[in-house]
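Below is one structure, written out as structure tokens; the observations come after it.
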Amino acid sequence: MTRIHVARGSGRGQGDVVQLPDPIQEPDFQGETRLRHSNRSRDIEPPTPAFVIDVPVLEEFVSRFQQALDVHWPNSILSYSFKTNSLPWLVSFMRNSGVWAEVVSDTEYELALALGYAPDRIVYNGPIKSRERLRFALQNGSIINLDSKREVTWTAELARELPGKELAVGLRVNWDLESLCPGESTTGDEASRFGFNADNGELDQVIAELTSAGVRIAGLHMHRNSYSQSLGVYRAAASVAADLITSRDLDLEWIDIGGGFFGSDTGPVTFDDYIAVIRKTLEPVVDPRRTRLIVEPGGSLIAVPVEFHASVIDVKEVGPHTFVVTDASRTNIDPLFRRQRRFETRLDTEATEYRREQIISGFTCMEDDRLTRLHDAPALKTNDRIVFYKVGGYTMCYQSLFIEYLPAVYVRDRTSLTQVRRKWGIDEYLQGNRWYEKDELVDPAAPESPATCRETSNFRSEVLSV
Ligand SMILES: Cc1ncc(COP(=O)(O)O)c(C=O)c1O
């Protein structure tokens, strides 16, 4: 079996990885090349379709970020953005690696607790916190960045109820990245909807409301997404924070610079470069020994270490076109159908003949379920394997339940391949549901009695009567 590694890459130093000729070696995202992958267990491959997480690569990314912080801002918190990929195994891996949880909903907060995070290892962000969960987090040592006005009201209310308790919060700042880094923000001129705007007085109103209730302003949260992921974006975030600290005379426990970093081995910027720029910009206004830097990387930690494995189930010639039908779907690796740049792929095939173009397609009934196109590549056959690389960010968390349910997930260590999520089947799909058996609505959690007259652990007292 020959392994063909398509798209740019420096190869993996393996004799059986064949680099294809130049025409198909298109530059990958920002000229990125791959990290060296562990390959001692490379010959153990999972049944398809499946995600595979390369543990040594993941370890390397986490430790690089941690080292960058240790060097440039030792008094810091590395938190992992759950929304990017909250696979339970991954969350527990992060917890064991000493990485905090960054969550943006009650559900994510509860997931962190369920997977063994203590409340004081959780950074709680986002505008959708409930009053109850916010009150819990405020009293149990979580780091909280408020992002909506109702949260301000609820926090002030709790402070008045508990005058003896010192409450401290951070505030998400709504700032104009586009004017500081033209063309780099994901919002363009439309502005961001997150946080409290510093220019129209809203931030100052919120500070006044909280401080008059006895709440301490302990942090600023500066997260912004950008297309560029440039150092300039982080310099801008840090300089806006620095201006606010000076102009509002803030004495902060933390500055949360957010996520959005570029994560690569040999890319244009490294984690080290980012933290060095942030430190240089903030140093004049804060003492890094007293004020903690919080970072919330997501994609930059988990995108590269994850692969998706698919198999060819059929090849169809239709006029001049070749459709390679797989047991995967574009929803697995590009769930929002937005991706422009090519996937880095590996083909495991014995084919010797090459084909000008092959349209790699999904199994679903959507005609646009097409994963990628191969040019001048080996003519794939049934049972050949296609591996898509660097697909760990914003993929598993957006999986579709269209036709097939969630695929299995494996983790590959130096010597083993372990399944950490089984493929979802009917059992997983049916959980939490009720349905008719004959004429009766049944609750499979307690099938002995009809659902309509009971309160079960799974369902609140229902039959919402009219
Ligand atoms: C508040 C916040 N923090 C962290 C992240 C993680 O971003 P990324 O995956 O780009 O690192 C996001 C993603 O949008 C976010 O909204």
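A cut-off of 5 Å between modelled amide H atoms, ignoring neighbours fewer than 5 places along the same chain, links Asn197 with Asn174, Glu202, Leu203. Full extension of the chain between Arg193 and Lys280 yields a length gain of 28.5 nm, computed as 0.36 nm times the residue separation minus the alpha carbon distance. Per residue, the convex hull spanned by the Cα atoms of segment 73-301 measures out at 119 cubic angstrom.
Of all DSSP bridge pairs formed entirely within the chain, close to 50 percent run antiparallel. Candidates Tyr429, Thr395, Leu417 compared by Cα position along the dipole of segment 388-442: farthest toward the positive end lies Leu417, with charges placed on Cβ. Using DSSP to define loop residues, name the trypsin sites (Lys or Arg not before Pro) in segment 145-191 whose beta-carbon has at most 13 other beta-carbon atoms within 10 Å. Those satisfying the criteria are Lys165.
Here the spin labels are modelled as points 7 Å beyond Cα on the Cα-Cβ line, and at Leu430 and Ile403 they lie 2.4 nm apart. What is the Cα centroid distance between segment 212-281 and segment 49-65, reported in whole angstrom? A separation of 25 Å, based on Cα centres.
Between Asp204 and Ser239, the FRET efficiency from the beta-carbon distance, with R0 = 25 Å, is close to 0.85. Modelled label positions at Leu162 and Glu110, each set 7 Å beyond Cα in the direction of Cβ, lie 2.1 nm from each other. Mean sequence separation of contacting Cα pairs (under 8 Å, at least six apart), scaled by the length of segment 73-301, corresponds to a relative contact order of 21 percent. Site pair Arg339 and Glu132 shows an inter-label distance of 3.9 nm when each label is modelled 7 Å from Cα along Cα→Cβ. Distant-in-sequence amide contacts of Tyr354, defined by a placed amide H-H separation under 5 Å and a gap of 5 or more residues or a different chain, comprise Ala379. Under 16 Å of direct C-alpha separation, and excluding same-chain neighbours fewer than eight residues apart, Lys381 reaches these aspartates and glutamates: Asp314, Glu317, Asp327, Asp348, Glu350, Glu353, Glu357. In the structure shown, the pairs Lys83/Lys165; Lys129/Lys149; Lys129/Lys280; Lys83/Lys390 are assessed against 22 Å; a Cα-Cα span above that value is assigned to Lys83/Lys165; Lys129/Lys280. Taking 8 Å as the Cα distance limit and 6 or more residues as the minimum spacing, I'd like the relative contact order of the chain as a percentage. That works out to 19 percent.
Counting neighbouring beta carbons within 10 Å and listing from fewest to most, the residues Leu301, Leu115, Leu244 come out as Leu115, Leu244, Leu301.
Taking each DSSP H run with n ≥ 4 as -39500 (n - 2.57) and averaging over every residue of the chain yields -7000 deg cm²/dmol at 222 nm. Packing, as the average of other Cβ atoms within 10 Å across residues, places the peptides 313-323, 272-282, 346-356, 119-129 in the order 119-129, 272-282, 346-356, 313-323, highest first.
Across the chain, the fraction of Cα-Cα pairs farther apart than 27 Å, rounded to a whole number, is 61%. Cα centroid separation, segment 296-316 to segment 151-180: 38 Å.
Bear in mind these aren't lab numbers, they're just calculated from the coordinates by the rules spelled out. Not measured: the values here are computed from a predicted model. Glycine also receives a Cβ, built like all others from the backbone with ideal geometry; neighbour counts cover every protein chain displayed.
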